[in-house]
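Below: the structure, in structure tokens.
The values are calculated or read from the model by the stated rules, or taken from the named source; none is laboratory data. Since the structure is predicted, the reported quantities are computational estimates derived from the model, not experimental observations. Counting neighbours? That spans all protein chains shown, and the Cβs are built from the backbone with ideal geometry, glycine included.
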């Protein structure tokens, strides 16, 4: 794919004609003009920004579609608007080359992906409980489970962890889970007389597994119908039960992992049907919550050291960055 002929949304200016953009569709719906003509109205996005768009067709691309499209830039109700004249191609996210993903949405670099994969493998290899290690190998590498289930679980490798707030990037779900797993391991080993390391780390790695069913794979394009109705906690619980049908694991170990999934939000008011009632569940909740917050505030950090306050959407607080850093 030749990105040299592609214009970023942030570079679009009113009056430009016959422009080609590569975008993903976050919203699309149809309406009728006063003359009775049917049009589609869309919101198009790439990593640089978003723009309203019109298409003279009552059949718009679906929300979440990735398209290469030609059109003209104008103005509608005071807002810069893209008038689509031709949809040139549609793409699946898994078929895009790395440079196209980089153009479209925040995503892990190849170096980051390699590091996350290495860290994941290391965590699994350090798991001494054979039953839990086999479960993790089934989840992350499809070992010992049917192909249809393995295909679903492959989403773990490229789904975002959230639509907007934390780890909202391609590969963000795995990155969040592995970072949480690494931090949980440190605490579990510190309290090894009371905490089962393998249960805690496995719980951290799979606590958000339901998100591969709850949301769509492109950050910011929303949730599936089942995701809206059930939520990722319930869906993750059900998915773990389905996976465990093919893996020999003791019932008490499976219960411990189910409990971590069900309690990882920490409070019933925040969506957990139960609160953490094992040391492992308490640690996973605390660490995954902390890791989410840290990713969010790092994403809001100003580039200039010592610049001061930056609003943070996740915690709705104002954070001060670089306070106390030696400037010499």
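Can you spot a residue in the stretch 174-189 that is more than 23 Å from residue 95 (Cα to Cα), surrounded by fewer than 17 Cβ atoms within 10 Å (Cβ to Cβ) and without any contact (Cβ under 8 Å) to a residue 60 or more places away in the chain? Yes; the residues of the stretch 174-189 include at least one that is more than 23 Å from residue 95 (Cα to Cα), surrounded by fewer than 17 Cβ atoms within 10 Å (Cβ to Cβ) and without any contact (Cβ under 8 Å) to a residue 60 or more places away in the chain. Scanning the stretch 266-291 for residues that are under 22 Å from the mean Cα position of the chain (by Cα) and surrounded by fewer than 21 Cβ atoms within 10 Å (Cβ to Cβ), we see that the one that is farthest from residue 318 (Cα to Cα) is 272. If you go through the stretch 8-29 and keep only what is surrounded by fewer than 18 Cβ atoms within 10 Å (Cβ to Cβ) and either more than 28 Å from the chain's Cα centre (by Cα) or in contact (Cβ under 8 Å) with a residue 40 or more places away in the chain (or both), you end up with 8, 13, 14, 15, 16, 17, 18, 20.
Just one of (1) assigned to a loop (DSSP other than H, G, I, E, B); (2) under 22 Å from residue 222 (Cα atoms) fails for residue 43. It is (1). Taking the conditions (1) over 20 Å from residue 14 (Cα atoms); (2) in contact (Cβ under 8 Å) with a residue 60 or more places away in the chain; (3) surrounded by 18 or more Cβ atoms within 10 Å (Cβ to Cβ) in turn, residue 113 satisfies each one other than (2).
Does any residue of the stretch 95-112 turn out to be modelled with pLDDT of 90 or more and closer than 28 Å to residue 257 by Cβ? Looking through the stretch 95-112, at least one residue is modelled with pLDDT of 90 or more and closer than 28 Å to residue 257 by Cβ.
Only one of the listed residues (52, 18) is at positive phi and modelled with pLDDT of 90 or more. That residue is 18.
Filtered by the rule that a residue be surrounded by 15 or more Cβ atoms within 10 Å (Cβ to Cβ) and in a strand (DSSP E or B), the stretch 48-69 gives 50, 51, 52, 53, 54, 55, 66, 67, 68, 69.
Condition test on residue 138, is it within 14 Å of residue 22 (Cβ to Cβ) and not in a strand (DSSP E or B)?
Values: within 14 Å of residue 22 (Cβ to Cβ): no; not in a strand (DSSP E or B): yes.
Here the answer is no, as residue 138 does not meet what is asked.
Residues in the stretch 1-15 that are modelled with pLDDT of 90 or more and not in a loop (DSSP other than H, G, I, E, B): 9, 10, 11. Being part of a strand (DSSP E or B), in contact (Cβ under 8 Å) with a residue 40 or more places away in the chain and either more than 17 Å from the chain's Cα centre (by Cα) or on the phi < 0 side of the Ramachandran plot (or both) is a property that residue 73 has.
Might you check whether a residue that is part of a loop (DSSP other than H, G, I, E, B) and modelled with pLDDT of 80 or more occurs anywhere in the stretch 277-285? Yes: one or more hits.
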